[in-house]
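This report refers to the structure that appears directly beneath it.
The values are calculated or read from the model by the stated rules, or taken from the named source; none is laboratory data. Just so it is clear, the model here is predicted, and its values are computed rather than measured. Note: ideal-geometry Cβ built from the backbone for every residue, glycine included; neighbour counts use all protein chains shown. Accessible surface areas use protein heavy atoms only, side chains included; no ligands, DNA or RNA. Shrake-Rupley method; radii C 1.70, N 1.55, O 1.52, S 1.80 Å.
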Amino acid sequence: MDARIEKSGRDLVAPPTVLTEARLAKYAIGQVVRHRHYPFRGVIFDVDPTFANTEQWWLSIPEEIRPRKDQPFYHLLAENDENAYVAYVSEQNLMPDDSGEPVGHPQASLIFESFEEGHYVLRPRISH
């Protein structure tokens with residue numbers, strides 16, 4: 001629905017609201033990445049264009065490495081030497097993982113159908 005402004009007895013369409021341009025994500029779903037500061041790696045299974053978690057979560061990050069909210073954030077099936085878990089990481093805190101090795105997360109096979117040439121391939125979507 002257009003926003004209308006009445007001026008001198010005429011309806012005018014208001015100009016669209018200008019939003020700041022969204023940044024394109026640097027990394028892709030299925031890509032294996034590692035954290036810049038902490039010893040874990042993971043495969044990306046979702047991307048938020050900007051921060052979409054709780055304020056409490058954001059404030060729990062040490063202030064000296066707390067990321068900006070105006071950047072892509074990635075959902076990872078992550079692993080370290082002890083555990084497999086889901087991580088939520090800002091783009092500034094990720095870097096490519098060039099090991100060529102798959103991630104040993106037990107849920108990877110639920111989302112991805114294969115691992116080829118260092119990259120995961122998504123399962124086809126199931127629809128009606």
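Quick notes on this one:
- Residues of region 68-84 include none that is aliphatic (A, V, I, L, M) and modelled with pLDDT under 95.
- Some residue of region 112-124 being open to solvent by less than 70 Å² (accessible area, probe 1.4 Å), of a type in the set (D, E, K, R) and closer than 24 Å to PRO49 by Cα: no
- The set of residues from region 18-68 being free of Cβ contacts under 8 Å to residues at least 24 places away in the same chain, among the hydrophobic types (A, V, I, L, M, F, W, C) and touching a Phe, Trp or Tyr at 6+ places or on another chain (Cβ under 9 Å) comprises ALA52, TRP58.
Residue-wise test of (1) surrounded by fewer than 18 Cβ atoms within 10 Å (Cβ to Cβ); (2) aliphatic (A, V, I, L, M).
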position: LEU24; (1), (2): yes, yes
position: VAL33; (1), (2): no, yes
position: HIS37; (1), (2): yes, no
position: ASP48; (1), (2): yes, no
position: ASN53; (1), (2): yes, no
position: SER60; (1), (2): yes, no
position: PHE73; (1), (2): no, no
position: ASP97; (1), (2): yes, no
position: ALA108; (1), (2): no, yes
